[in-house]
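For reference, the structure discussed in these notes is given below.
No lab work stands behind these numbers, since they all come straight from the coordinates. A quick note: this is a predicted structure, and the numbers were derived from the prediction, not measured. FYI the Cβ positions are ideal-geometry reconstructions off the backbone, even for glycines, and counts take in every protein chain you see.
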Amino acid sequence: MVVAELKNIGKIYGKGEASTEALRGIELKIEKGDFWAIIGPSGSGKSTLLNILGCIDIPTSGEYFLNGQLVNKFTNSQLSAARNETISFIFQYFALLNEYTVYENIMLPLNCRKISVREKKQLVNYYMKRLGIEGLSKKKPTQISGGQQQRVAIARALVTKPDIILADEPTGALDRKTGEEVMKILHEINAEGKTIVVVTHDMEVAKAAKKQFYIEDGDGRIKE
Ligand SMILES: Nc1ncnc2c1ncn2[C@@H]1O[C@H](COP(=O)(O)OP(=O)(O)O)[C@@H](O)[C@H]1O
Ligand SMILES: [Mg+2]
C-alpha cells in the first residue's frame, strides 16, 4: 500500500534573480511499513522534501499524493487535517513548548480531537509508558535531558496514531549513545508497522534504514 507518492516534484523559493531551486524532478514512493533515510549534503533540499511530505510546504511543480489523494488540490482545512491526523513530525531540537509540562506537550495534538477526555488521557499515559517517560509527566522540557525531550517529542508524534512519521535530523542534537537509543525506538516503532522517513547526515543512521534516498543539489535518486 502506497502512503505517499511524489511525482516530478519541484520547489523554487522566491522569484526572479533571488530565487533558489531547492528540488527538481523528485520521484519517491513511500509504502506502508517503509523506513526511509533521506541523505545528502547540507543545503541539498532534504528539509524541503520532508516539509513537502509533511504538508508544511507546498511544491511549485509536480504532484504529491497522500493516501491516494492529490495534496496539491487540498484546501487549508484539508492540509491542517493531514498535519494533525495523517502525519507527525520529529525535529532536531524537539520543538516542545517549554511553558507546558511533558504531559501537556504530548496532549497538545489531541486537544482538537473529538474524543472523550478519558480516552485522551489514556492515550497520553499509554505513550508516556511506551517511551519510558511516565515519571517525567509533571516536568517542563527545560528540566529534562535532550534524550528525554526527544522521547517526549516521539510520544507526541505517536499519540495521534499517524500514518507516517517524518523526522528531520532527530539525533542531530544528541550525543552518540543517546542518538542510538532514539533510533532504536524509531526502529521498534517501524517494526510495529509504522511508516518512517528520517532526514539525516549520519551514515550510521542512514545505513540502518531499509531504503535510502540520496539528494544532491535538488536532484534525488534511490540509493542502491
Ligand atoms: N524558506 C526558504 N527560502 C529561501 N530559500 C530556502 C528556504 N528554505 C530552504 N531554502 C534553500 O533551499 C535549498 C535547500 O534547503 P534545505 O531543504 O533546507 O536543505 P537541507 O535540509 O538539505 O540542508 C538551500 O539552498 C536553501 O538555502
Ligand atoms: Mg535540513
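Could you state the angle between the C-alpha long axis of helix 117-130 and the longest principal axis of the C-alpha atoms of the chain, as a value from 0 to 90 degrees rounded to the nearest 10?
80
Does anyone have the angle between helix 146-158 and the longest principal axis of the chain? Alpha-carbon axes, 0 to 90°, nearest 10?
Approximately 80 degrees, to the nearest 10.
So if each residue of separation counts as 0.36 nm, and I subtract the Cα-Cα distance between T60 and I144, what length gain in nm does that give?
Length gained, T60 through I144: 26.2 nm.
Restricting attention to the alpha-carbon atoms of region 150-224, what are Rg (one decimal) and Dmax (integer), both in Å?
When restricted to the Cα atoms of region 150-224, Rg and Dmax are 12.7, 35 Å.
As a test, work out the antiparallel percent of DSSP beta bridges whose residues both lie in region 142-224, rounded to the nearest 5.
If we restrict to bridges inside region 142-224, about 50 percent are antiparallel.
Estimate the FRET efficiency between V2 and K184 by the formula 1/(1 + (r/R0)^6), using the beta-carbon distance for r and 30 Å for R0, to the nearest 0.05.
The value I calculate is 0.65.
With both partners inside the chain, how many of the DSSP beta bridges are antiparallel, as a percent to the nearest 5?
Counting DSSP beta bridges with both partners in the chain, the antiparallel share is about 50 percent.
Exceeding 26 Å between C-alpha atoms, which entries from my cross-link table qualify? They are K177/K210; K29/K129; K140/K210; K7/K223.
Checking Cα-Cα distances, K29/K129; K140/K210 exceed 26 Å.
Ranked by Cβ crowding within 10 angstrom, fewest neighbours first, how are R151, R83 ordered?
Sorted ascending by nearby Cβ count, the order is R83, R151.
As a footprinting exposure proxy, order I154, I12, I185, I87 by other Cβ within 10 Å, with the fewest listed first. If you can, show how the numbers build up before the last one.
Numbers: I154 25, I12 15, I185 19, I87 22.
Placing the least packed residue first, the sequence is I12, I185, I87, I154.
Return the calculated 222 nm mean residue ellipticity for the chain, to the nearest 500 deg cm²/dmol, obtained by summing -39500 (n - 2.57) across DSSP H runs with n ≥ 4 and dividing by the residue count. Walk me through the intermediate numbers first.
On the way: 7 runs with 69 residues, N = 224.
Calculated from helices alone, the mean residue ellipticity at 222 nm is -9000 deg cm²/dmol.
If each residue of separation counts as 0.36 nm, what is the full-extension length gain between C112 and E17 once their alpha-carbon separation is subtracted? It would help to have the intermediate numbers written out before the result.
Values: separation 95, 0.36 × 95 = 34.20 nm, distance 4.22 nm.
Here the segment from C112 to E17 would lengthen by 30.0 nm.
Report the full-extension gain for the segment E31 to K207: residue separation times 0.36 nm, less the Cα-Cα distance, to one decimal in nm. The partial results should precede the final answer.
Details: separation 176, 0.36 × 176 = 63.36 nm, distance 1.86 nm.
Contour length minus the Cα-Cα distance gives 61.5 nm.
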